[in-house]
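What follows is a single structure, written as structure tokens, with notes after it.
Nothing in this text is a laboratory measurement; each read-out follows from the coordinates by a stated rule. What you are looking at is a predicted structure, and each value in this text was computed from that prediction instead of being measured. Methodologically, a virtual Cβ is constructed for each residue, glycine included, from the backbone with ideal geometry; neighbour enumeration extends over all protein chains shown.
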Amino acid sequence: MEMWLKEMQIDGAAMTYKVKETLVRKKTQYQDLAIVDTDVFGRMLVLDGIVQTTIKDEFVYHEMISHIPLFTHPNPKKVLVVGGGDGGAIREILKHPSVEKAVLCEIDGDVIDECKKYLPEISCALDDPRCEIFVGDGIQYVKEHKNEFDVIIVDSTDPFSIAEGLFGGNFYKDIYNALTEDGIFIAQTETPFYLPDTVKKVHNDAKAIFPITKLFMAAIPTYPGGYWSFTIGSKKYDPTEVDTTKIPEIDTKYYTREIHKACFVLPRYIQELVK
Ligand code: SAM
């Protein structure tokens, strides 16, 4: 019998994937975790019924959430990832030779363990000596660190439950304080098509704290709406003013010098949300 995974992307609209095999399904301390193998997107990590990352399209998200801030900062040495237990952001961060340390703060140790086991293509850099793994709440971790990170990447689940506090002004204030004086923060900030109010609020919250706030977009087939937003808050460097001719060649499938500029060009309905 055929097996299909139905993901409710928004109340009233769902996406379905034909499943070849369920590799793991368990209740962790924090969420329902599954890794399944699908016909079209290959293996995927699903948390509380929501697709987090897939072998086929993960490169778009992980490259964009990492290389846009890391090529905006002239010399990123210490980077923090909040969430991101699959390891995809860490893999991309460690492609930057200036990075001496990349800390992963993931609340759910089971996500890290199962991704290491079943998604090696994504989690492959988690054993790199420059990567330090901390299992715990990112909200608390950020509060306890001051003036330490050149780049902070918030690679979280959607703004509910354990991740709710990762979206909004109080957390962004703590992020500001955990960054060095010219630090940069980036967060995945959902779909402007389905969640315009969330995108608008997050942008306004970041704008109230960071002197430079920019939103950019990337096309990610499995994410709701297919067109995903990321928000950058920066103390000094403007990601839209990077001299892209100086960006070195890097092994990527989505990110290019041209994409670094083009991703900040917004359709009018998204411009309206952030003006
Ligand atoms: N790329 C994904 C997306 O946009 O759907 C995010 C994937 S990543 C696996 C998200 C991770 O954030 C999850 O593993 C989850 O456990 C973690 N997370 C959620 N809330 C957290 C918190 N408060 N502190 C640290 N990690 C958290």
Mean Kyte-Doolittle of at least -0.5 plus a Cα span of 18 Å or more along the axis: flag which DSSP H helices in the chain meet both, please.
58-72
Among beta bridges assigned by DSSP with both residues in the range 121-275, the antiparallel ones amount in percent, to the nearest 5, to 70
Diffing the range 213-222: the Karplus 3J(HN,Hα) column from phi (6.51, -1.76, 1.60, θ = phi - 60°), in whole Hz with x for Gly and Pro, holds 10, 9, 10, 9, 10, 8, 8, 10, x, 8
Beta bridges by DSSP in the chain, antiparallel share as percent, to the nearest 5:
65
Using 19 Å as the cut-off for backbone N distance, which residues of the range 57-96 belong to the label zone defined by a point 7 Å from the Cα of M15 along Cα→Cβ?
57-66, 84-89
In sequence order, calculated HN-Hα J values of the range 185-190 (Karplus, 6.51, -1.76, 1.60; Hz; x Gly/Pro):
10, 9, 9, 6, 10, 6
Per-pair calculated FRET efficiency, R0 = 25 Å: R130 and K253 via Cβ, rounded to 0.05
0.65
Straight-line reach from K246: which lysines have a Cα under 25 Å away, not including same-chain ones fewer than 8 places off?
K77, K78, K95, K101, K214, K235, K236, K261
Residue span R25 to E2: 0.36 nm per residue of separation minus Cα-Cα distance leaves a gain in nm of 6.5 nm
From the phi of every residue in the range 23-29, what ³J(HN,Hα) in whole Hz does the Karplus formula 6.51 cos²θ - 1.76 cosθ + 1.60 yield, where θ is phi - 60° and glycine or proline is x?
8, 7, 8, 7, 8, 8, 4
Loop by DSSP (not H, G, I, E, B), at most 13 other beta-carbon atoms within 10 Å: where is the longest site-free stretch of the chain for GluC sites (Glu not before Pro)?
145-248
With +1 on each Lys and Arg Cβ and -1 on each Asp and Glu Cβ, how big is the dipole of the range 3-54 about its Cα centre, in debye rounded to the nearest 20?
180
Residues meeting the amide H criterion for E190 (H placed from the backbone, H to H distance under 5 Å, 5 or more places apart or on another chain) are S229
How many Å³ per residue does the convex hull of the Cα positions in the chain occupy?
118
With charges only on Cβ, +1 for K and R and -1 for D and E, what is the dipole size of the chain about its Cα centre, in debye, rounded to 20?
560
Listed residues M3, P69, A208: farthest to the positive end of the dipole of the chain (Cβ charges)
A208
